[in-house]
Amino acid sequence: MPPSPSGLPFLGNIFQIPFAEAWRTFAQWKEELGPVFSLNMAGKDFIVLNTLEAAMELLDRRSRIYSDRPQMITAGEIICNNCSVGHIEYGAKWRKMRRATHDIMHVKALQAFEQHQEHDAAILVSNLLESPSRWDPHVRHAASSSAYSVAYGEHLSSKESYIVVERTLEFIHALANASMPVTAPYVEIFPILRYVPEWFPGAKWKRVAFEHQRKMEAMYREYLDNVRANIDNGTARPCLATLLIEREAEYGLTEAQAIWLAGVVHVAGSETTGGALFTFLLAMVLFPDVQKRAQAEIDRVVGHERMPSLEDQKDLPYVEALIKEVQRWFPGVPLGLPRRCMEDDWYGENFIPKGAIILPNIWAMSRDPEHFPDPERFMPERYLNSDEDKSKVLETALEVNFPFGFGRRICLGKAYANRTLFAMIAGLIWAFDIRKAKDNAGDEITPSSTACIDEGLVVFSNCFAAGQCHSRAK
Ligand code: HEM
């Protein structure tokens with residue numbers, strides 16, 4: 001087995017793993033235990049992968065036996081009724097769901113969403129011009145709307161739709177905490193607890209989980225029925241839901257699976273994209289020179305008369321590199337989504353037993369000076385050719401894709417998220433100077449680059465009240 005911190009008899013390392021920011025603790029343990037180490041949680045083996053090399057070797061090259069997810073009783077089985085593409089086991093059901101999602105989210109199909117994405121970016125800019133201090137709800141709303149478009153073909157543009165965003169957020173928090181072995185209820189470690197009845201004292205986790213399932217399934221059913229009605233009256237726009245309805249027989253999904261598939265895609269794309277936007281705002285406050293250089297590129301290529309569009313992406317290499325750096329500097333899913341090893345295996349001299357839970361520590365990978373010299377520095381240049389004139393964003397799979405995971409279960413929304421982020425970030429840089437906020441005495445507040453909001457699975461920088469958007473309009 002890979003080296004492990006010494007723990008208690010029977011319980012192993014169960015009390016040594018912090019509930020918050022475990023990825024930071026694991027990155028520190030890497031210094032002592034090495035790039036791959038193991039943990040024992042009351043008899044369950046966990047293997048933490050802290051380098052890109054280890055993650056690429058196991059999760060990518062050997063993905064045949066590393067593409068399963070561990071059993072997630074609360075998040076996968078109860079909350080998502082065993083129908084979440086992100087939680088279910090590797091096999092026929094997952095393949096069917098993944099195929100349907102891929103059919104709408106592969107790079108070519110995404111052109112159909114360009115207008116949606118540019119529209120959401122314009123709404124974000126306009127909302128921020130109207131109320132620059134309310135960027136928390138505006139950013140979350142924009143990110144949620146973008147994921148809603150790909151799932152259901154419509155924007156969340158009305159003020160009433162803030163309620164959809166709020167309901168989704170509540171659900172995301174529950175799901176994210178339950179999906180991460182270190183924050184999940186004890187039932188994940190002691191599965192026997194699943195048989196405790198809902199009314200039993202101490203079984204609140206189960207009551208709450210079923211409550212989420214009932215609420216969310218009803219809501220997602222309603223969204224899908226709305227799309228069905230739109231198809232009937234000829235107003236439906238292409239999206240995952242129209243595909244699921246129109247090609248129902250071809251995909252062979254049950255009604256519940258189709259309902260949850262569209263819902264989970266909306267959920268999976270909302271807070272992750274929002275988190276990247278928060279990190280972007282923080283980086284702009286802390287690294288004003290980067291902001292100026294990105295503004296200069298946009299002013300030169302796009303000018304002041306119109307907002308940047310997705311068409312401009314190929315001509316704005318610095319902005320594109322900046323977006324990659326946002327995702328490296330503060331990866332939104334720092335401990336990835338757990339995997340399960342399906343056969344006994346060896347990594348070098350280390351034995352990895354069948355059934356071990358694999359945690360890719362994306363955070364530690366993002367801090368590896370071998371790949372990212374001076375890792376705490378926000379430096380888009382690291383993704384650019386040194387020759388400025390021929391500036392081209394480097395595309396090494398190893399160093400660019402890792403914030404989205406690995407191998408066969410890599411994020412389904414990777415390309416879509418990158419386009420949404422481009423439309424929104426280019427729009428924000430074009431429209432605003434993003435600067436430090438001031439306290440009551442008029443002194444600038446310097447936000448911490450490490451403070452973050454840890455929601456279990458999804459984590460993002462905590463930049464609230466530390467930045468302000470100022471319109472660049474003359
Ligand atoms: C910056 C934004 C995003 C980040 C950082 C992110 C990150 C991730 C990560 C790390 C995983 C786990 C992959 C693995 O196991 O190796 C994942 C899975 C997933 N993501 Fe994303 N994601 C983002 C945006 C999106 C969007 C916009 C969507 C859809 C609209 C989406 C849909 C999914 C789905 C469905 C899965 C589960 C895939 C599976 O288990 O087969 N994500 N994402």
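The values are calculated or read from the model by the stated rules, or taken from the named source; none is laboratory data. Just so we're clear, the structure is a prediction, and the values are computed from it rather than from any experiment. Glycine also receives a Cβ, built like all others from the backbone with ideal geometry; neighbour counts cover every protein chain displayed.
Quick look at the numbers
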{"item": "Hey, Y148 among the hydroxyl-bearing types (S, T, Y), out of contact with any Cys (no Cβ under 7 Å at 6 or more places or on another chain) and modelled with pLDDT under 90 or not", "result": "no"}
{"item": "Leading residue by the ranking (surrounded by the fewest Cβ atoms within 10 Å (Cβ to Cβ)) among those in region 39-90 that are free of Cβ contacts under 8 Å to residues at least 60 places away in the same chain and on the phi > 0 side of the Ramachandran plot", "result": "G43"}
{"item": "Residue match in region 94-101 (condition: buried (at least 20 other Cβ atoms within 10 Å of the Cβ) and without any contact (Cβ under 8 Å) to a residue 12 or more places away in the chain)", "result": "yes"}
{"item": "Helices (runs of 4 or more DSSP H) fully within region 169-282 counting 2 or more residues that are out of contact with any helix residue (DSSP H, G or I) (no Cβ under 7 Å at 6 or more places or on another chain)", "result": "204-232, 248-251"}
{"item": "Number of positions in region 128-163 that are away from the ligand (no atom under 13 Å from the Cβ) and without any contact (Cβ under 8 Å) to a residue 40 or more places away in the chain", "result": "15"}
{"item": "Any hit, region 216-224, residues being surrounded by 23 or more Cβ atoms within 10 Å (Cβ to Cβ) and in contact with a Lys or Arg (Cβ under 9 Å, 6 or more places away or on another chain)", "result": "yes"}
{"item": "Any chance L169 is without any contact (Cβ under 8 Å) to a residue 12 or more places away in the chain and out of contact with any Leu (no Cβ under 9 Å at 6 or more places or on another chain)", "result": "no"}
{"item": "Test result for M284, buried (at least 24 other Cβ atoms within 10 Å of the Cβ), more than 16 Å from the ligand (Cβ to nearest atom) and on the phi < 0 side of the Ramachandran plot", "result": "yes"}
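For every residue, the table says whether it meets (1) free of Cβ contacts under 8 Å to residues at least 24 places away in the same chain; (2) within 16 Å of the ligand (Cβ to nearest atom).
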| position | (1), (2) |
| --- | --- |
| A294 | no, no |
| E297 | yes, no |
| M307 | no, no |
| L316 | no, no |
| W329 | no, yes |
| G332 | no, yes |
| L335 | no, yes |
| I357 | no, yes |
| M365 | no, yes |
